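Working notes for the structure below.
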Amino acid sequence: MATQAIVALKHPDRAKTRLSAKLTAQSRRELYFRMAEHVLKTLLRTESIASVAVATASDEVASFARGMGATAIDLYVDLGTRAAYQQAIAIHRPSGELLLINGDLPFLQPEDVETMACDRDDVVIAPDRHGRGTNALWCRTAGMVEPLFGENSFKRHCAAARAMGVTPRIVRRLGLGFDVDDPQDLELIGHRDVARPSLLS
């Protein structure tokens, strides 16, 4: 199977603002680019991923993505993750299998990505470790489920799939479930208990 992957990346100066109590603006930028680099490198070395594109309205991020070996999808405006994926699909017009995956997954590994695609599934959803947001959405056909990323998006994606007559497969793995949004997430990085299953419950 050959899946096209799209990673939505907002302007680095507006990224990870919830970490401002713990990190300076420069440190947030550095963290943002380190995590994005890790996700892109992981996708690029995953066997089932045929191509990787970054959806962004930032010229700096577009140049960064191209330097990593990914394609850049230049968006009209930065309106958040949901709008970024919607714009990217409208501009890029991907066909076939499509993976939409966030760029702040510090523990992502190729085997995590491989679990998203399976012959028997039409829609696969990877929620965040709290079971509220969506960190990755795989569809056998692009556009089968509209990107609904944002608050409580996991439930919305599940409902959208079922409305299409599809029972989504849910994937809960550390690499897909652990994103970095708030100071608590930051504190858990490197903690010896981070891989315990309870963190994904």
Exercise. Quick one: what pairs do we get from segment 169-194, first residue over 19 Å from LYS10 (Cβ atoms) and modelled with pLDDT of 90 or more, second of a type in the set (Ser, Thr, Tyr) and surrounded by 16 or more Cβ atoms within 10 Å (Cβ to Cβ), C-beta under 9 Å, 6+ apart or different chains?
Worked result: VAL171/THR115; ARG173/THR115; GLY175/THR42; LEU176/THR115
For this session: Take the residues in segment 91-108 that are assigned to a strand (DSSP E or B) and out of contact with any Cys (no Cβ under 6 Å at 6 or more places or on another chain), then tell me which one is farthest from VAL77 (Cα to Cα).
Result: LEU99
Exercise. Does segment 37-46 contain any residue that is closer than 17 Å to ASN135 by Cα, in contact with a Gly (Cβ under 7 Å, 6 or more places away or on another chain), among the hydrophobic types (A, V, I, L, M, F, W, C) and at pLDDT 95 or above?
Worked result: yes
Exercise. Filter segment 87-108 for residues that are out of contact with any helix residue (DSSP H, G or I) (no Cβ under 9 Å at 6 or more places or on another chain) and either aliphatic (A, V, I, L, M) or surrounded by fewer than 20 Cβ atoms within 10 Å (Cβ to Cβ) (or both); which is nearest to ALA57 (Cα to Cα)?
Worked result: ALA88
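Please go through segment 134-145 and give me each residue that is in a loop (DSSP other than H, G, I, E, B), surrounded by 15 or more Cβ atoms within 10 Å (Cβ to Cβ) and in contact (Cβ under 8 Å) with a residue 24 or more places away in the chain, ordered by number. Break it down into steps so the answer makes sense when it comes.
As a first pass, look at segment 134-145 and keep what is in a loop (DSSP other than H, G, I, E, B): 140-145.
The next check asks that each one be surrounded by 15 or more Cβ atoms within 10 Å (Cβ to Cβ); those that pass are 140, 142, 144-145.
The answer is ARG140, ALA142.
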For this session: Could you grab me the full set of residues in segment 109-126 that are assigned to a helix (DSSP H, G or I) and either under 19 Å from ASP59 (Cα atoms) or of a type in the set (A, V, I, L, M, F, W, C) (or both)?
Result: VAL113
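The values are calculated or read from the model by the stated rules, or taken from the named source; none is laboratory data. Because the structure is predicted, anything quoted here is derived from the model rather than measured. Cβ sites come from the backbone with ideal geometry, for glycine too, and all protein chains shown count toward neighbours.
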